[in-house]
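What follows is calculated from the coordinates using simple rules that are stated; it is not laboratory data. All values reported here derive from a predicted model rather than from experimental measurement. Here the Cβ positions follow ideal geometry from the backbone for every residue, glycine too, while neighbour counts run over all protein chains shown.
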Amino acid sequence: MESRSQAGGQVKRIEQKWGFGLAPIKPDVQRGRVEAAKTVLATITQGHHAALGRLDDLSTVKGLFTRTYKKDQWDWFTVCAQLGYPPFREARQTSSTLQHLRRCLRDGNWQAATEAATALRAAGVPDRLSNFVTGTSAPLAGRGFVYVLSTREAPEMLKIGYTNRDPLTRAKEINSATGVIIPWGVRGTWKVAHARRVEGDIHALLADYRIRKDREFFQVPFAEAARVIDEYVVEVR
């Protein structure tokens with residue numbers, strides 16, 4: 001939104017209260033999602049009868065996992081945190097399998113539905129949904145995260161840091177700091193061991209893009225930064 005100042009120029013108003021992906025979820029929306037997660041959890045752990053008459057719940061939960069890898073909704077990272085930060089490939093596969101499971105249940109293909117439920121159990125989906133329903137977080141088990149932030153106004157000005165805590169909490173802390181006018185949004189996170197050391201190595205790999213040596217800001221397209229981080233993380237695992 002813009003308004004005219006006393007000097008006659010245009011003043012750009014910043015209306016958003018949170019960075020892209022970090023939007024809080026309305027209580028009634030969250031209640032509906034939790035009920036859907038309960039249905040899916042029962043379906044893949046107790047049997048297909050739990051989904052009878054509630055097939056749309058599978059679509060709802062599929063949509064939650066889809067959010068986490070498409071990153072195209074204002075609450076995508078909030079949902080990602082609630083699901084325990086599923087990696088890209090896992091989230092995409094879970095979304096696809098849930099869609100397949102719904103189709104099998106709709107068509108009465110019980111054998112294929114059983115196989116889909118087995119695949120979801122093997123992928124650890126019940127644990128993610130249990131934590132989603134109860135609002136608890138899975139333990140980090142000594143691991144941390146490297147994160148990449150940017151604003152929508154300057155998408156190639158990246159802040160690359162690390163945290164040994166929940167990255168959603170860290171992103172909110174950064175945005176609440178004095179001097180932050182335009183809130184940062186999360187572009188990506190990587191769960192790693194020795195997060196502080198990994199952050200330093202990634203900073204070194206991206207040194208040509210660093211704006212100041214004493215700050216963790218880089219002028220680089222996110223796709224390039226993500227490629228460098230992906231390659232590094234694969235190499236050190």
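Here is how the numbers come out for the structure above:
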{"read-out": "Within the chain, longest stretch free of exposed GluC sites (Glu not before Pro) [DSSP loop, at most 14 other beta carbons within 10 Å]", "value": "16-152"}
{"read-out": "Inter-label distance for LEU140 and LYS213, nm, one decimal - labels placed 7 Å from Cα along Cα-to-Cβ", "value": "2.9 nm"}
{"read-out": "log₁₀ of I(q)/I(0) at q = 0.25 Å⁻¹ - segment 143-236, Debye sum with one point per alpha carbon", "value": "-1.48"}
{"read-out": "Convex hull (Cα only) mean projected area of segment 27-134, reported in nm² to one decimal", "value": "6.1 nm²"}
{"read-out": "Whole-number Å³ per residue for the convex hull built on Cα positions in the chain", "value": "155 Å³"}
{"read-out": "Segment 138-197: antiparallel DSSP beta bridges as a percent of all, rounded to 5", "value": "100 percent"}
{"read-out": "Charge sum, other residues only, whose C-beta stays under 14 Å from SER137's C-beta, Lys/Arg counted +1 and Asp/Glu -1", "value": "+3"}
{"read-out": "Extension gain from GLU235 to LYS172, taking 0.36 nm per residue of separation minus the Cα-Cα distance", "value": "19.7 nm"}
{"read-out": "PHE88-ILE181 FRET efficiency (beta carbon distance; Förster radius 22 Å; 0.05 resolution)", "value": "0.10"}
{"read-out": "Relative contact order of segment 143-236, defined on C-alpha pairs under 8 angstrom at six or more residues apart (%)", "value": "35 percent"}
